[in-house]
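Quick notes on the structure that follows.
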Amino acid sequence: MLSIDELANGKTFVLKLKDASGTSFQWVQVLRGAIARRWYDIYRASDWVALRLEAAAVFLKPVTEAQADQNCKTGQCIVIKTEAVKENELVHA
């Protein structure tokens, strides 16, 4: 559960996916309020359908794997990582 402070001040989320050839893709985004709550729910429920439909509109900052790992060094981020969704399956509106 996200705290009231995390909802207000923002929580770092890292999305890690691979494409069909196994190449890694990562995005880091600080999310606040309802959108943070939504992505926490997607993470907790492993809602891969919602991830496919919504991720491209939310995770806008692609980073290297090293940069993604650096963002989580303090352990204060939520990492969404799955083999069930490939990068090319994200719906771009």
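Derivation of every value follows stated rules applied to the coordinates shown; laboratory data play no part. The structure presented is a predicted model; accordingly, all values stated were derived computationally and were not measured. Cβ: placed from backbone, ideal geometry, glycine included. Neighbour counts: every protein chain shown.
If we count every other residue with Cβ under 12 angstrom of Gln67's Cβ, Lys/Arg +1 and Asp/Glu -1, where does the sum land?
+1
Suppose a student asked you for the relative contact order of the chain, using Cα pairs under 8 Å spaced at least 6 residues apart; what percent would you report? Don't jump to the answer; show the numbers that get you there.
Details: 139 pairs, mean separation 37.8, N = 93.
Taking the mean separation of contacting Cα pairs over the length of the chain, I get 41 percent.
Based on alpha-carbon atoms only, what is the radius of gyration of the chain relative to the globular estimate 2.2 N^0.38 Å?
My calculation over the Cα atoms of the chain gives 1.02.
Relative to the longest principal axis of the C-alpha atoms of the chain, give the angle of the C-alpha long axis of helix 33-45, reported between 0 and 90° and rounded to the nearest 10°.
Between helix and principal axis, roughly 60 degrees.
Based on the Cβ-Cβ distance of Asn9 and Trp48, what FRET efficiency does E = 1/(1 + (r/R0)^6) give at R0 = 30 Å, to the nearest 0.05?
0.60
Hey, what do the phi angles of region 50-56 turn into as Karplus ³J(HN,Hα) couplings, whole Hz, using 6.51/-1.76/1.60 and θ = phi - 60°, x for Gly and Pro?
With coefficients 6.51, -1.76 and 1.60, one gets 4, 4, 4, 6, 10, 4, 4 Hz.
Can you list the residues, at least 5 places off or on another chain, whose amide H is less than 5 Å from the amide H of Asp47, using H built in the peptide plane?
Counting only residues 5 or more places away or on other chains, the set is empty.
Could you work out the helix-only [θ] at 222 nm for the chain, with each DSSP H run of four or more residues adding -39,500 (n - 2.57) and the total divided by the number of residues, to the nearest 500 deg cm²/dmol?
Numbers: 4 runs with 37 residues, N = 93.
The helix contribution divided over the chain gives -11500 deg cm²/dmol.
Can you list residues whose amide H is under 5 Å from Ile80's amide H, if they're 5+ apart or on another chain and H is modeled 1.01 Å from N?
Residues meeting the criterion, in which the H sits 1.01 Å from N, are Val14, Leu15, Lys16.
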